[in-house]
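The values are calculated or read from the model by the stated rules, or taken from the named source; none is laboratory data. Predicted model, so just to flag it, every value in this text is computed and none were measured. We place every Cβ from the backbone using ideal geometry, glycine too, and count neighbours over all the protein chains shown.
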Amino acid sequence: MERRLTPKSSIYIVADGMGGYSNGEIAAQIVTQSISEYLANDKSKNSYISSIKKAVMFANQQVQEMRGRLNTKMGATFAALYFTPRHLFAFWMGDVRIYQFQNTNVVFQSKDHSMVSELNKERKLTPMETERYSSFVTRCISGESFIEEVEIVELQNVEDSTFLICSDGFHRIIDPIQLSIDDLKSIEKMSKIACNANDNLTFMLIEGG
């Protein structure tokens with residue numbers, strides 16, 4: 001989802017409903033809408049980072065309310081880019097990823113909040129182990145009373161930057177680092193990748209600079 005918040009600020013969000021929960025698509029929609037709505041209507045003089053944290057908490061509250069209405073568990077992972085007049089913030093929970101390319105180089109890649117990522121800190125997992133734990137995330141928005149902290153990183157929106165936000169269904173099939181910018185912009189190339197996907201494949205390509 002892309003939304004212009006003010007004439008000089010905008011937000012881009014990809015949310016992925018969690019397959020282990022019912023109504024994941026509803027949760028993903030609530031997350032994208034709630035975060036963008038909060039930031040669009042935030043008239044406080046909080047720092048941008050404080051506003052982002054409050055927006056995520058607000059999204060969690062909205063998911064919690066929907067959980068109560070439907071009497072079921074639901075949740076979503078997400079990643080977002082928040083462009084302001086002088087700053088650019090990447091923030092995320094779960095395994096939706098953000099990449100920043102400068103010319104042909106990857107200058108930033110978000111770190112997954114996942115069981116695989118945590119276990120790999122201790123030792124290199126085998127391909128079989130990676131597959132076994134690949135669906136477990138360690139941070140998400142699920143409407144629980146306790147929510148893990150959203151990770152926030154300030155990036156440099158330099159000239160010739162291109163940003164990619166993609167769901168795990170995308171980066172499990174192909175490593176974006178191995179693609180050229182032209183490949184990422186190719187509808188035909190992306191359509192072929194989508195046809196081979198067994199999971200939700202969502203991505204956004206954003207021109208920076």
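Against the condition surrounded by 16 or more Cβ atoms within 10 Å (Cβ to Cβ) and touching a residue at least 40 places away in the same chain (Cβ under 8 Å), how does Ala28 come out, does it pass? Yes; evaluated as a whole, the condition is true for this residue. Looking only at residues in the stretch 13-53 that are part of a helix (DSSP H, G or I) and of a type in the set (Asp, Glu), the one that is farthest from Val137 (Cα to Cα) is Glu37.
Across the stretch 107-138, the number of residues qualifying as in contact with a Ser or Thr (Cβ under 7 Å, 6 or more places away or on another chain), at pLDDT below 90 and loosely packed, with under 15 Cβ neighbours inside 10 Å comes to 2. Screening Ala59, Ala28 for residues that are out of contact with any helix residue (DSSP H, G or I) (no Cβ under 8 Å at 6 or more places or on another chain) and not hydroxyl-bearing (Ser, Thr, Tyr) leaves exactly one candidate, Ala28. Checking the stated criteria, Arg67 turns out not to satisfy the condition of being free of Cβ contacts under 8 Å to residues at least 12 places away in the same chain and not aliphatic (A, V, I, L, M).
Restricting to the stretch 139-166, count the residues that are within 18 Å of Val106 (Cβ to Cβ), modelled with pLDDT of 90 or more and of a type outside the set (D, E, K, R). Number of matching residues: 10. Within this structure, Phe101 passes the test of being touching a residue at least 24 places away in the same chain (Cβ under 8 Å), within 19 Å of Asp175 (Cα to Cα) and not small (Gly, Ala, Ser).
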